[in-house]
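No value in this document is a laboratory result; all are computed from the given coordinates. Note that the coordinates shown come from a computational prediction; the quantities given were computed from them, not determined experimentally. Backbone-built Cβ (ideal geometry, glycine too); neighbour counts: all protein chains shown.
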Amino acid sequence: MPWQRRTERLILRRWLDSDRSPFADLNADEEVRRHFVGLLTREESDASIDRFEAGFDSRGYGLWAVERRDTGEFIGFTGLNPMPAGIPGEGGVEIGWRLAREHWGHGFATEAALESLRFAFDELGLSHVNSITALSNTRSRSVMERIGMRQHGLFEHPAVPVGNPLREHVRYVVGALP
């Protein structure tokens, strides 16, 4: 399996130790984390990277670090991960992304996500890919629609506390459903 993918403007690659600090900064940004329950500490961010890397080693896919080709700057992540337990689509594969705020609005999330889908369908042979987000996350929902995903129902995310406005989530799917 290739551990690096390239698009016109981006490199999707395995994680480097030098990604840890900017990833922690991204996860400590209230605007970036607006549609998640809470900010992440440096230790939680580092543990996320460790899980992402373990996913590559155990499954052959995971969440890539995203780097700009023109500057070499780390800007976030995209890629594939198993769907969380206890929600619609459980047992399937999810596409996700998270970018530092200063890189929003330039088409980077869409570009990176499209490359992740090419990998999912062309190299992993998946029949469909899911994505989930808080219903209120219109920016991510717009990316989902731009990459060809269609809404496939609402649900309450069991990991979000009852009464929290982020509990209501939406699932999107691209490809043939099983």
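Observations on the model:
- Additional length obtainable on full extension of the chain from residue 53 to residue 127, 0.36 nm per residue less Cα span: 24.2 nm
- Here the alpha carbons of the stretch 84-161 define both size measures, Rg and Dmax, at 13.1, 37 Å.
- Working note: Cα gyration tensor of the chain, eigenvalues times five, square-rooted, sorted largest first, giving semi-axes of 23, 20, 16 Å.
- Hz values of 3J(HN,Hα) by residue in the stretch 71-82 - Karplus curve (6.51, -1.76, 1.60), Gly and Pro given as x: 10, x, 7, 5, 10, x, 9, 7, x, 10, 8, x
- Using the rule -39500 (n - 2.57) for each DSSP H run of four or more residues, divided by the residues of the chain, the 222 nm mean residue ellipticity is -8000 deg cm²/dmol.
- Rounded to whole Hz, the Karplus (6.51, -1.76, 1.60) HN-Hα couplings of the stretch 120-126, x for glycine and proline: 4, 7, 7, 9, 8, x, 5
- Förster radius 25 Å - calculated FRET efficiency between residue 146 and residue 33, Cβ distance, rounded to 0.05: 0.65
- For the stretch 1-67, with +1 on Lys and Arg beta carbons and -1 on Asp and Glu, the positive-most of 10, 47, 27 along the dipole: 10
- The amide H of residue 7, built 1.01 Å from its N in the peptide plane, has 12 as neighbours under 5 Å, considering only residues 5 or more places off or on other chains.
- Amide H contacts under 5 Å for residue 94, placed H, 5+ residues apart: 81, 83, 130
- Shape of the stretch 1-72, Cα gyration tensor, a/c cut at 1.5: oblate
- Stretching the chain fully between residue 85 and residue 7 yields a gain of 24.9 nm (0.36 nm per residue, less the alpha carbon separation).
- Potential lengthening between residue 18 and residue 139 on full extension [0.36 nm per residue; Cα-Cα distance subtracted]: 40.8 nm
- In sequence order, calculated HN-Hα J values of the stretch 61-68 (Karplus, 6.51, -1.76, 1.60; Hz; x Gly/Pro): 8, x, 9, 7, 6, 10, 10, 6
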